[in-house]
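As structure tokens, the structure follows; a few thoughts come after it.
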Protein chains: 2
Amino acid sequence: MFKIAVDAMGGDNAPAEIVAGVELARDAMPNMAFQLYGDQAQIEAVLVNNDRIEIMHAAEMIEMAEEPVRAIRKKKQSSLVLAAQAVKSGEADALFSAGNTGALLAAGIFIVGRMKGIDRPALMTTLPAFDGPHQAFTMMDVGANAENKATHLYQYGILGSFYAREILEFDNPRVGLLNNGSEADKGDALHKEAYGLLAHGGEQGYLNFIGNVESRDLLQGAADVVVADGFSGNATLKAIEGTAKTMLRVLKSTIMDAGLREKIGGALLKPGLKRVAARLDYSEYGGAVVIGTNQPVVKTHGSASAQEVANTFTQIHTMLDVDLTGKIQRFVTDHADELAARPETEEK
Amino acid sequence: MFKIAVDAMGGDNAPAEIVAGVELARDAMPNMAFQLYGDQAQIEAVLVNNDRIEIMHAAEMIEMAEEPVRAIRKKKQSSLVLAAQAVKSGEADALFSAGNTGALLAAGIFIVGRMKGIDRPALMTTLPAFDGPHQAFTMMDVGANAENKATHLYQYGILGSFYAREILEFDNPRVGLLNNGSEADKGDALHKEAYGLLAHGGEQGYLNFIGNVESRDLLQGAADVVVADGFSGNATLKAIEGTAKTMLRVLKSTIMDAGLREKIGGALLKPGLKRVAARLDYSEYGGAVVIGTNQPVVKTHGSASAQEVANTFTQIHTMLDVDLTGKIQRFVTDHADELAARPETEEK
């Protein structure tokens, strides 16, 4: 039985949508049990059937706008901190939240704990690929770190390859380094060094490194695993999000503000536009993963519906079922020296 | 009379579209003269009327794929290098090319020369704003530098403000720092330091600093001048480009692959879609500028039409007419100490 520690208070529609999502997942997956951390009265008010669901009362909660590290240090009785501690102590196997992303990152790294041999866990997200061999690609770090070293990026290539192979079921996933040009000598010192490490990993057969990729080619499926430093990965993800959102909004207002012709055209085209919007809505591809922690730590977006919450539990189920963290840990332990920050890197 | 040195051989449709664009601009602006650098026979074959147009034969040309710095060092007789030297020597007032962007950057920085007091000229581009007080915003550095120091970013805030005020005619343009969050303490060491310098500039009244902006909000007009380091600015610009291109492509194929309903809807909506695509096509807002050089250096995209080439000359005309580089140079000279790289910054 897989046991999931759920922050039932995180998210715009918590605890109602979270609890409803947990019940959907419980009904769909017979070998999953849930610990709902949060306000007991509020959870009881929305819980229909407590089969395989245990309420763990938490007196506090972390708000969306709180400073993450301070919040997890100060609010020891918050739903998130208590849920993370349950994973740390082995009472639960994975951590879920739809709340403050920074706080979940901090709880994942500092409470659940980073995996031995992984220096800086990353925030990883899965996005749609509109061309290439697969329907999606995975990218990290999209914002766990403001600064990275080359060895971190090498480790992300390994982590992302495991995820793409084991969870997305891609055969020999293509790893690309997000850089400011496609040629091998592109980028600043960090990216040149990371290129060398990833190329070395490719030669050793640890991953399938295909070289540099540019942000303009990502949605065309340029790589299955996109390795980025946390600063430019964050900027890239947010630029993709913002552009997609703006374009859909502009198209909509173009239709509404225009003449009858466009209004009829828009009405006829509506199902097509909806399909495009749905493919761009990357919550379809599962929640964001804090990769490199000792156990699965997964975040879904704040406004997730019960169905989206349930989908995220399916993703967590797969991660536990294939023993993703165990497989990564064994690889990292076996290749500890190579993956470690080398002295000349540490000095920087 | 403004004299423009034109690289007539750069671009996908050179020299034909370039020469045609020059003739359109010549007919529209009586106080502009042009020196066309390139293959004399090829230019003569397409030139209709040589009024205020002088052909300057160049035996070589720089290809799109050539390594920029090596190309401008090696190909001393190339159309781009000769045109840049004409600006350097004062025979011409501004440099134009539709060719290899990196080579134009290198020619701008190393031949035309960087402005005294500006450490690292930037590549600056103007993009559409779909909300906020203006129709466009300008962003730099979008890729001239792989690495920047905080003082460079401060200088970009000054340079961009001059451009937005003098060329785009924005009143008190809002300067935002592209960062991984909107709070003042966000980012890595570089961006935290740049924030401090820009805030200082704001207090002194040198620019109107509004704080950090995130890439997801740029197309919504979050700032009029977006200051970015060259690496993440490049990643952000290419992510915006790639997402817009992919979405338009997916919409198109959704329409084509779908049933009769969508096809009729698509046909009715076509003019609306075209308007959206046109607004996203940022060549509408002028060419990319190498900002921080001694004279205007402007690039239009490789597949520019004659009309787009002519529009870029209108932009150059405005830059010369308001004496943009002169105004910037006077400000930078008057505030040299403050804008200079400080010792503690240089040590990094």
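Can we say A:G90 is closer than 23 Å to A:F313 by Cα, assigned to a loop (DSSP other than H, G, I, E, B) and under 17 Å from the mean Cα position of the chain (by Cα)? Judged against the criteria, A:G90 is not a match. With respect to (1) among the β-branched types (V, I, T); (2) crowded, with 20+ Cβ neighbours inside 10 Å; (3) under 17 Å from the mean Cα position of the chain (by Cα), the lone exception for B:T314 is condition (2).
Restricting attention to the range A:301-323, which residues are at pLDDT 95 or above and either outside any helix (DSSP H, G or I) or not assigned by the TED database to the domain that holds A:A25 (or both)? Answer for the range A:301-323, where residues must be at pLDDT 95 or above and either outside any helix (DSSP H, G or I) or not assigned by the TED database to the domain that holds A:A25 (or both): A:V322, A:D323. With respect to being more than 14 Å from chain B (Cβ to nearest Cβ) and either under 18 Å from A:M124 (Cα atoms) or surrounded by 24 or more Cβ atoms within 10 Å (Cβ to Cβ) (or both), A:T138 fits the description. Would you pick out the residues in the range B:93-128 that are assigned to a loop (DSSP other than H, G, I, E, B) and not aliphatic (A, V, I, L, M)? Once the filter is applied, which keeps residues that are assigned to a loop (DSSP other than H, G, I, E, B) and not aliphatic (A, V, I, L, M), the range B:93-128 yields B:D93, B:G99, B:N100, B:K116, B:G117, B:D119, B:R120, B:P121.
Could you check how many residues of the range A:175-198 are within 14 Å of chain B (Cβ to nearest Cβ) and part of a helix (DSSP H, G or I)? Count: 7.
Within this structure, A:L339 fails the test of being closer than 28 Å to B:L248 by Cα, among the hydrophobic types (A, V, I, L, M, F, W, C) and crowded, with 16+ Cβ neighbours inside 10 Å.
If you go through the range A:234-272 and keep only what is closer than 30 Å to A:D141 by Cβ and of a type in the set (D, E), you end up with just A:E241.
Residues in the range B:101-116 that are open to solvent by 10 Å² or more (accessible area, probe 1.4 Å), modelled with pLDDT of 95 or more and touching a Leu at 6+ places or on another chain (Cβ under 9 Å): B:L105, B:I111. Every condition in (1) surrounded by fewer than 23 Cβ atoms within 10 Å (Cβ to Cβ); (2) touching a Lys or Arg at 6+ places or on another chain (Cβ under 9 Å) holds for A:R70 except the one numbered (2). Scanning the range A:170-188 for residues that are surrounded by fewer than 23 Cβ atoms within 10 Å (Cβ to Cβ) and touching a residue at least 40 places away in the same chain (Cβ under 8 Å) yields one hit, A:F170.
Taking B:R165, is it surrounded by 18 or more Cβ atoms within 10 Å (Cβ to Cβ) and not in a helix (DSSP H, G or I)?
For B:R165, the condition - surrounded by 18 or more Cβ atoms within 10 Å (Cβ to Cβ) and not in a helix (DSSP H, G or I) - is not met.
Checking each residue in the range A:26-38 for being touching a Ser or Thr at 6+ places or on another chain (Cβ under 8 Å) and surrounded by fewer than 24 Cβ atoms within 10 Å (Cβ to Cβ) picks out A:A28, A:M29.
The values are calculated or read from the model by the stated rules, or taken from the named source; none is laboratory data. These numbers come from a predicted model, not from an experiment. All Cβ positions, even for glycine, are placed from backbone atoms using ideal geometry, and neighbour counts span all protein chains on display. These area figures cover heavy atoms from the full protein model, side chains too; ligands, DNA and RNA do not enter into them. Shrake-Rupley method; radii C 1.70, N 1.55, O 1.52, S 1.80 Å.
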